[in-house]
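Step one of this worksheet: look at the structure below.
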Amino acid sequence: MRIVLLGAPGSGKGTQATLLKEMYGIPHISTGEILRAEVAAESELGQKAETYMQAGELVPDGLILEMVEERLKQPDIRRGWLMDGFPCTLPQAEGLREMTERIGQRVDAAVILRVSHEVIAKRLSGRTREADGPAVVRKRIEVFESQTRPVFDFFRAHYEVLEIDAARTIDQVTEALRVGLDRFDHS
């Protein structure tokens, strides 16, 4: 099963990704981990990415997509994969769709974890990181609304989408995901 897990900051993507990875026995693909691995390996892609990172700039979408494509060519993804928090912009979503269809790794299911701004603010403010003060939380919500929320509509237009109320308990969300994703699992 090939799953894209989408949601706002604080929606529980990381928690649910860990549980889904175990449930389906598929690798969890994190663009952050891919970036760190490519940089550590001093690969050509990693060296390009590191140039942007050292300058304090975002790594361009095209370079991120190249790294994701390289990751999707690894042998451990034969049974499927789970992407968490990627794509987070429309250009990334469009690039992912084109790439996965071109390499025969089409997304089976997109999951959107829905939460209100109030829940996001409460969860992010409840974290122990000092960086998640009220101003930072508001900024993260603004960035999410302007850059990532449009990705949800893109996925609704192009894929089967499972929308889950993520304001519930972790166990309730996990069970709703299990039941909902069972209809997509054709392995």
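Scanning segment 1-40 for residues that are within 25 Å of SER125 (Cα to Cα), among the hydrophobic types (A, V, I, L, M, F, W, C) and not in a loop (DSSP other than H, G, I, E, B) yields LEU5, LEU6, ALA17, LEU19.
All told, PRO87 falls short of being under 21 Å from PRO9 (Cα atoms), within 15 Å of the chain's Cα centre (by Cα) and surrounded by fewer than 18 Cβ atoms within 10 Å (Cβ to Cβ).
Rundown of residues vs (1) over 30 Å from ARG178 (Cβ atoms); (2) surrounded by 15 or more Cβ atoms within 10 Å (Cβ to Cβ), yes/no style:
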residue: ASP76; (1), (2): no, no
residue: GLY80; (1), (2): no, yes
residue: ILE112; (1), (2): no, yes
residue: ARG138; (1), (2): yes, no
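Listed by first and then second residue, the pairs linking a residue in segment 90-112 that is farther than 20 Å from GLU163 by Cα to a residue that is of a type in the set (Asp, Glu) and part of a helix (DSSP H, G or I), with Cβ atoms under 8 Å apart and 6 or more places separating them unless they lie on different chains, are PRO91/ASP61; GLN92/ASP61; GLY95/ASP61; MET99/GLU69; ILE103/GLU69. Look at LEU124 and say whether it is assigned to a helix (DSSP H, G or I), at pLDDT 95 or above, of a type outside the set (Phe, Trp, Tyr) and closer than 28 Å to MET53 by Cβ. No; evaluated as a whole, the condition is false for this residue.
Of the residues that sit in segment 10-40 and are closer than 27 Å to GLY133 by Cα and basic (Lys, Arg), which one is surrounded by the most Cβ atoms within 10 Å (Cβ to Cβ)? Among those residues, the one meeting the criterion is LYS13. Selection over segment 32-63 of residues that are under 16 Å from the mean Cα position of the chain (by Cα) and of a type in the set (Gly, Ala, Ser) gives a count of 1. In the set (1) among the β-branched types (Val, Ile, Thr); (2) surrounded by fewer than 18 Cβ atoms within 10 Å (Cβ to Cβ); (3) within 19 Å of ILE64 (Cα to Cα), ILE170 fails one condition alone, (3). Scan (1) modelled with pLDDT under 80; (2) in a helix (DSSP H, G or I) for the single condition LYS139 breaks and write down its number. LYS139 satisfies all of (1) modelled with pLDDT under 80; (2) in a helix (DSSP H, G or I) except (1).
The values are calculated or read from the model by the stated rules, or taken from the named source; none is laboratory data. All figures in this text were calculated on a predicted structure; none of them were measured in a lab. Counting neighbours? That spans all protein chains shown, and the Cβs are built from the backbone with ideal geometry, glycine included.
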